[in-house]
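Where a number appears in this text, it was derived from the coordinates with a stated rule and is not lab data. Not measured: the values here are computed from a predicted model. Note that each Cβ is placed from the backbone with ideal geometry, even for glycine, and that neighbours are counted across all protein chains shown.
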């Protein structure tokens, strides 16, 4: 039996493509890191069937529509903040508020122990509020369509200004 290992928040990654106009393979992945919370709300949709043969109704799970409410502390120069602030300032709607999210979990892949389980999704970014007094902009990340399941590796780097940066490499498939 494997030894239990507690999840550590800094070993799971949520990236946004901060340049959604770039083509596939040219994404600009920026880690959402200046937040104090990351909770995926699954928003399960179920249907109740009251079958004739059963004395009680039966619920069936149909879909999930995950959302993440992200309170981001504003740091000028942080690529995620700059991207979200641009959406806020321009009050972007429609396709202008769509990008990709890449979730890389601490869980290792059974087929490739050097990689972590990951999920790539199209997402809609909706600005909830910007609290200037506290310097926190809160936005909602809503999944659009079916996620692509796969694995990813993440390399940690330091840019020329001394800021940490992360480079994920996603591979589709189990």
Residue among 88, 51, 13 with the largest mean-square fluctuation in a Gaussian network model of the chain, springs linking Cα atoms under 10 Å
51
Label region 81-174 by shape, choosing from rounded, prolate and oblate, from the square roots a ≥ b ≥ c of the eigenvalues of the Cα gyration tensor; if a/c is under 1.5 it is rounded, and otherwise prolate applies when a/b is larger than b/c, oblate when it is not.
oblate
Mean ellipticity per residue at 222 nm, deg cm²/dmol - from DSSP H runs of n ≥ 4 across the chain, formula -39500 (n - 2.57):
-2000 deg cm²/dmol
Just rank 42, 70, fewest to most, by other beta-carbon atoms within 10 angstrom.
42, 70
Averaging sequence separations of C-alpha pairs under 8 Å and six or more residues apart, then dividing by the length of region 22-174, give the relative contact order as a whole percent.
19
Can you put 8, 108 in order, fewest other beta carbons within 10 Å first?
8, 108
What do you get for the angle between helix 79-90 and the principal long axis of the chain? Use alpha-carbon atoms, 0 to 90 degrees, nearest ten.
80
Assign one of three labels to the chain, namely rounded, prolate or oblate, based on the Cα gyration tensor with a ≥ b ≥ c the square roots of its eigenvalues; rounded applies when a/c is under 1.5, prolate when it is not and a/b is larger than b/c, and oblate otherwise.
oblate
Expressed as a whole number of Å, what is the distance separating the alpha-carbon centroids of region 1-57 and region 76-107?
16
So which residue, out of 112, 28, 17, gets the largest mean-square fluctuation from a GNM of the chain using Cα contacts under 10 Å as springs?
112
Highest-MSF residue in the chain out of 65, 34, 45 [GNM, Cα springs under 10 Å]:
45
Cα gyration tensor, region 63-108 - rounded (a/c under 1.5), prolate or oblate
oblate
